[in-house]
Amino acid sequence: MTDATLNLKAPAAKRAAVSATTAPASSSGASDVSIPEYKDQNKVRNIVIQIVKQLVVLAIALIMLYPILWMIASSLRKPNEIFTNMGLWVSHPQWKNYVDGWFGLSQPFGRYFLNSLLLVACAIVGNVITCSMAAYAFARLNFKGRPLMFGFMLLMLMIPIHVVIIPQYIIWNSLSMINTYIPLIVPKFLAMDGFFTFLFYQFIRGLPRDLDEAAKIDGAGHWRIYWQILMPLMKPAIGTTAVFTFMWTWNDFFSQLIYLTDPKLYTVPIALRAFIDATSKSSYGPMFAMSVLSMIPLFIVFCFGQKYLVEGIATTGGK
């Protein structure tokens, strides 16, 4: 009887010990209350940190955009207010600046827009076709002197344009092609931009060679492989080349100033420079007005080509 009684009391004693051990934790409501409070405090802190980060980014963005915003505001001010007012608020907008800027030179400013668009279109077509063809040759073909030619291509990335501009000018002058668009267009069709050739080269190297082998089995040659197989796959690289070529050609001032002297052939950058005359009164208001208009094509191209620009740089190892 004594053993049975001890066996019955043992589980009860264990249960009492367990309940005594867990009772303080369950009876203490402080820990249960502190956990939600800690989570709420942590959530509030994260929200405050995010707000501060957004405000810092917004402040930096405003600092970076201030020159552009000031230029837009200055395009609507009187000439005597442009350099005396650094604010962004325009009390009395002078829309006449846009009219004077459009018709203020020897030709309507639309003529200079068309000239720039012509150069940009030819430059884009030339860079896309010839640079991609040169990149295909470097990436897929084995020919004598390829390492040497590839080294010269990389050397073009390192030499600034100011080093070669004088020899180029002498060559074009001897051919009587100064004051024409030929010196600005023909080099684009000769794969002279090593940056885009290297861009296409890196992209083609990332494409599997199995595509080439499958096309060769079907009887395709190098031209068909390049044009029908690889070219459709190079849309990101093509988009990147088109956007960069548009921006660089549209904003090119030095080369166009060297080769173009006829006002009828002026492009947008040279036409903007014509508003500032060292011997007479400078028209800063109309100049700023036309500068604002000249940024619109760049803004449109960047908005529509941003996806291809990011994708093309990311997929060619140029991160």
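Just one of (1) over 16 Å from residue 125 (Cα atoms); (2) open to solvent by 30 Å² or more (accessible area, probe 1.4 Å) trips up residue 212, so point out which.
Only one criterion is unmet by residue 212, namely (2).
How many residues are modelled with pLDDT under 90 and either among the polar types (S, T, N, Q) or more than 22 Å from residue 69 (Cβ to Cβ) (or both) when one looks only at segment 264-291?
So the count comes out to 9.
Regarding segment 219-228, can at least one residue be identified that is among the β-branched types (Val, Ile, Thr) and in contact with a helix residue (DSSP H, G or I) (Cβ under 8 Å, 6 or more places away or on another chain)?
yes
Got at least one residue in segment 53-63 being closer than 30 Å to residue 274 by Cα and either in contact (Cβ under 8 Å) with a residue 24 or more places away in the chain or loosely packed, with under 10 Cβ neighbours inside 10 Å (or both)?
Checking segment 53-63: at least one residue is closer than 30 Å to residue 274 by Cα and either in contact (Cβ under 8 Å) with a residue 24 or more places away in the chain or loosely packed, with under 10 Cβ neighbours inside 10 Å (or both).
What's the total number of residues in segment 102-112 that are among the aromatic types (Phe, Trp, Tyr) and open to solvent by less than 30 Å² (accessible area, probe 1.4 Å)?
2
Would you call residue 70 open to solvent by 80 Å² or more (accessible area, probe 1.4 Å) and at pLDDT 90 or above?
no
Could you go through segment 84-107 and let me know if any residue there is among the basic types (Lys, Arg) and closer than 30 Å to residue 186 by Cβ.
no
Take segment 73-87 and flag every residue that is surrounded by fewer than 12 Cβ atoms within 10 Å (Cβ to Cβ) and either of a type outside the set (S, T, N, Q) or in contact with a helix residue (DSSP H, G or I) (Cβ under 7 Å, 6 or more places away or on another chain) (or both).
83, 86, 87
The values are calculated or read from the model by the stated rules, or taken from the named source; none is laboratory data. Owing to the predicted nature of the structure, the values given are computational and were not obtained by experimental measurement. Virtual Cβ from ideal backbone geometry, glycine too; neighbours counted across all protein chains shown. Side chains are part of the model used for accessible areas, which takes the heavy atoms of the whole protein and leaves out ligands, DNA and RNA. Shrake-Rupley method; radii C 1.70, N 1.55, O 1.52, S 1.80 Å.
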